[in-house]
Every structure is written in C-alpha cells, then in structure tokens.
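Where a number appears in this text, it was derived from the coordinates with a stated rule and is not lab data. Here the structure is a predicted model, which is why all the values come from computation and not from measurement. Using ideal geometry, Cβ is built from the backbone for each residue, glycine included, and neighbour counts are taken over all protein chains shown.
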Amino acid sequence: TARARVAAVDLGASSGRVMAFDIAPDRMNFTEAHRFPNRPVRLGGTLHWDVLALHRGVLDGLRAVEPRLDAVGVDSWAVDYGLLDATGALLGNPVHYRDARTDGAADAVHARVPAAELYGVTGVQVLPFNTVYQLAAAAGTPQLAAARQLLLVPDLLGHWLTGARVAEVTNASTTGLLDARTRTWSRELMARLDLDPDLFPPLVEAGTVVGDLLPHVLAETGLTGPVPVVAVGSHDTASAVVAVPAEGSRFAYVATGTWSLVGVELAGPVLTGAGRRANFSNELGVDGTVRHLRNVMGLWLLQECLREWGDPALGPLLAAAADEPALAAVVDAGDPAFIPPGDMPARLAAACARTGQPPPTTPAAVVRCVLDSLALAHRRAVREAADLSGRQVDVVHVVGGGARNALLCRLTADACGLPVVAGPVEAAACGNALVQARALGVVSGGLAELRALVRASTGLARYEPGGGTGDWRAAEERLFPG
Ligand code: ADP
Ligand code: LRH
C-alpha cells in the first residue's frame, strides 16, 4: 500500500488521546480524533486508575476515526498493570503508581535481591513504584493469589481490543523484571522474589501484529474489519523517543509531560556502578535501542500546583512566571517527597526552606521555581547521561506537552548551554503511528528514516542558549553541594 490510515492511542497520566494518522512514505498528517481526561479515583484508601473509563475513551476515539483504519496501536505510561483471574476477568482496578502502598517495598525487595544485583540485571533506576516493588507490596493479598495473568496497562487495553495476551518489551523493561541485555524476562529474579513466572505473558517486540479488533469492538466502533492491532513501543516514552526529530546520534532528549525523561539513546545498556549510583535507567527502546535516562519529576509539579489553586488558566501564569527573577529558589526535582498527590505549593515551600532559600510566595513565583527547578534537573541529567555513556551531545530535543511551554524550553536551553529543538508535542502518538506504518510496509528503514519523516511533517521551534551558564552552576552547587 502507498499510504496508511492508523489510530494511535496514547494514554498519559493526565489525559488520553486517540490520534488519526495518514501516513505516506515521505509525509504524515494527523489530527486529534478524541481526548479524554485520565482522572485517578481514591477508593478504600487506595488510589486507582479508572481503567474502564480509559477503555471507553479508546472505543469513543476509534468510533471518531471510522469508517476505515489500517491498524491501531496503544501506548501508555509505564509500570502499572491489571491482574486477570482464571476466567480472564479483571481483578479490581489497577492501582496508581502514586499510591502509598509501595512505601518501604523497595527495601523489602532489596533485602532479598540487593539493589546492585538487581541493577546489574535490569538496569532500572530505583523508583518506589517500579512494578517489582508494587508486586512486593501486593504480596499475600487475595487479589494476587487469585491472579493468573498480569498485563501492563497498554497490553491490558490491547487485550480488550483483540483477546491477545502479550507483554510488549519496551514497557516490560520498566517492570524491573526484565534482563536488559537479553530483552527477556528474568526467571531467576522471579524465582528469588517468589513471583509466579506464569503471571507474565510472552514478550513481543514493537512492530509485531498481536491480533485483530474483536467483532464486538468493530460493532461498537463502526469500523470495518479486519483491523490489526500492532504492538508499538507501548511505553509512551519509547514511542516518544522514536519521534524525536534528531539527525544523527549526538543528541539528548527531554520527553516532558507529567514526567521529564532525560537522557541519550544507546545501542546497549550501561550497567555500571556509576550509572546505578547516579540513578540512571536503561529502558528498552524500539529497534533494539536503549534509553539511558533519568526520570525527573516533570510537569506533575506544575499540574499539582494548578489543582491546588483551582485550575487557573496556564497562559497568564506562565507569562507572569517569565517576569519573575531567575533562580530565586530551586528544589531537587528528583526528590521522592514530590511523588504523592497533595498540596504541592506547600511542599515546594518546605523544600526551599529546608535548603535555606526564600520560599516563593505568589503563584507566579511558585511556577518560576518549578520551571527553574525542572531546567536545572534537565541540565544535570543531560550532562550526566553524556558522561556516563560517553556520548557527545550537541542538541537537546524537547518533545511532549512541555514542548508547548516556551519558558521551560528557553530555560532548558540556558541551563544546558545547548540549543533546544522543541516538538513534536504529540511525540508519543507520532512514534506509535510510525511503528504501525512500518509494520504495514508503508514506510521502511530504521529510526533515522522515521525521524526524517517527523522532521518533514511537523513544525519545530528552536531555542538558542543565552550566554554563560554560571548562574545555573551556582544554583546547582547550592542545591547539590559536592
Ligand atoms: P502526559 O502524557 O504525561 O499526560 P502531556 O505530554 O500531555 O502529559 O503534557 C501535559 C503537560 O503539557 C501539562 O501538564 C502542561 O504543563 C503542558 N501543556 C499543555 N498545554 C500547554 C500549553 N498550551 N502551554 C504550556 N504548557 C502546556
Ligand atoms: C511517562 C512515564 C515514565 C514513567 C512514568 C510512570 O508517562 O511512562 O516514563 O517512569 O510514566
């Protein structure tokens, strides 16, 4: 076929969207068919994802792109999962990675498999909510005892579309149970952690057709079958990095949305002690790549402030933040204290006070504190990614929702002392769609060819760094002495 029409389902922690793509070998166009909020629900003291609402959002989106589709792909945020019982029924709503159940779980796991050993196999940075720690927190629950299958969120939604049960490799690598070298489940780790290996479905690499839309899905969406569902880089960050419009390999990326994922793309994992101590991950990517990156708190810090303030308009706040003095106060955007939901302005003020800085008192100053802190974290992570991997970095690509935030892009360029190229905003959907188009044979080549197609099809903004990074160095030394 000369062109393909595909739907990319991209579920972020703040919203889900179904994007309709028309892809030809040298050009792609896309529109947003449907967007829906992704709002967690606290029930019985536990924070859940409303996964049935997400499934409904997917169906509504597919209905909006009828009558013809050549393929569908699903990506979402990482680490979270649903459990199925012996009949295939969902055992409760998936628990949100920000739920407090994982408090102390990492230590319990490390008491059985030391952190250094775990890292040597999986290459995954310690984040309290990694799937392996969530499963430790769930140990002994009737739900886990009744479970026969564990499906990560995009695989679960794919299962409801097709009936297939698979684990796509990029997202599986965020569980902390995959061997980063062989890209296969580590049965040894499962045995040592008393996890039933049969819970984990067979792995597939991105680009594999996993099944066709089920008859009742076709009926509900008005689509004409058969419509194949392609496993894409089902971890949103994997798909986003596919669509980083870089030329060559001397680039770093900042995939910014709820999180900032900051690092470089490599041909294989870096499983050194230095990488572990710097808390860098080796997330598996499309086409055998590895993302050597650090997970930084991201625009979550801003989202939670806005929620606390009753959701005022973002534009005027960002304009006011741009007029605030630079680097008046910064916080460590990697601090796990910011992970749970709840009064973020107060937590930011407390962090400033703890580090001897004047806490911001107006919303504009709080927003400036957040954006300065994110840019500072981007600076640290870009530099450390380059140092740890030996990769030369000439340009920083900012993709995802944060690419719309001109102040954040400019501050990131200044802090890194490197040009920033911003866009595409919908990078995850673009990478998702391109992997489908390649599986259908409409486009060919490797990531370089897919990235050229992104460059040809999307508008990008460029930010040159301001002169001198001395103030950023001083702020960094203030916050991270030594
Ligand atoms: P996720 O996929 O994690 O849900 P997104 O990539 O959709 O996140 O990014 C959402 C973020 O993008 C918002 O929290 C907001 O900070 C930022 N954003 C969205 N629209 C704008 C805008 N018009 N101007 C500046 N920032 C924006
Ligand atoms: C970004 C993301 C990130 C994970 C987090 C849980 O959406 O997938 O890569 O660390 O969500």
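Data overview
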read-out	value
Packing-based order for 465-471, 163-169, 129-135, using average beta carbon neighbours within 10 Å, highest first	129-135, 163-169, 465-471
Residue-averaged 222 nm ellipticity for the chain, from DSSP H runs of 4+ at -39500 (n - 2.57), nearest 500	-11000 deg cm²/dmol
Euclidean distance of C-alpha centroids, the range 152-223 and the range 429-445, integer Å	20 Å
Order of 74, 264 under a 10 Å beta carbon neighbour criterion, fewest first	264, 74
Peptides ranked, highest mean first, by Cβ atoms within 10 Å: ranges 284-290, 20-26	284-290, 20-26
Cα-based equivalent ellipsoid, the range 39-184: semi-axes from gyration tensor eigenvalues, Å	28, 19, 14
Electrostatic dipole magnitude of the chain [Cβ: Lys, Arg +1; Asp, Glu -1; Cα centre; debye, to 20]	300 debye
Cα-based radius of gyration of the range 352-392 once divided by 2.2 N^0.38 Å, which approximates compact folds	1.57
The range 158-235 - Debye-derived log10 I(q)/I(0), Cα point model, q = 0.15, 0.16, 0.20, 0.24 Å⁻¹	-0.59, -0.65, -0.85, -1.06
Local electrostatic count, residue 250, Cβ distance below 12 Å [Lys/Arg +1, Asp/Glu -1]	-2
Kyte-Doolittle mean at least -1.0 and Cα axial length at least 27 Å: DSSP H helices in the chain	363-389
Relative intensity, log₁₀ I(q)/I(0), of the range 26-86 from a Debye sum that treats every alpha carbon as a point, q = 0.15, 0.16 Å⁻¹	-0.65, -0.72
Using distinct alpha-carbon pairs, which all enter the 1/r mean, Kirkwood radius of the range 411-482 in Å	14.8 Å
Two-decimal log10 I(q)/I(0) for the range 301-374, as the Debye equation yields it once each C-alpha is a single scatterer, q = 0.15, 0.18 Å⁻¹	-0.43, -0.63
Volume of the Cα convex hull of the range 207-352, divided per residue and given in Å³	210 Å³
Fewest-first ranking of 98, 354, using other Cβ atoms within 10 Å as the exposure measure	354, 98
Relative compactness, the chain, computed as alpha-carbon Rg over 2.2 N^0.38 Å	0.93
Charge context of residue 95, other residues only, Cβ under 14 angstrom, K/R +1, D/E -1	-1
Inverse of mean 1/r across different Cα pairs in the range 66-131, Kirkwood, Å	15.0 Å
5 angstrom amide H check on residue 167, placed H, neighbours 5+ away	203, 204
Distance from the range 102-128 to the range 350-415 (C-alpha centre basis), Å	27 Å
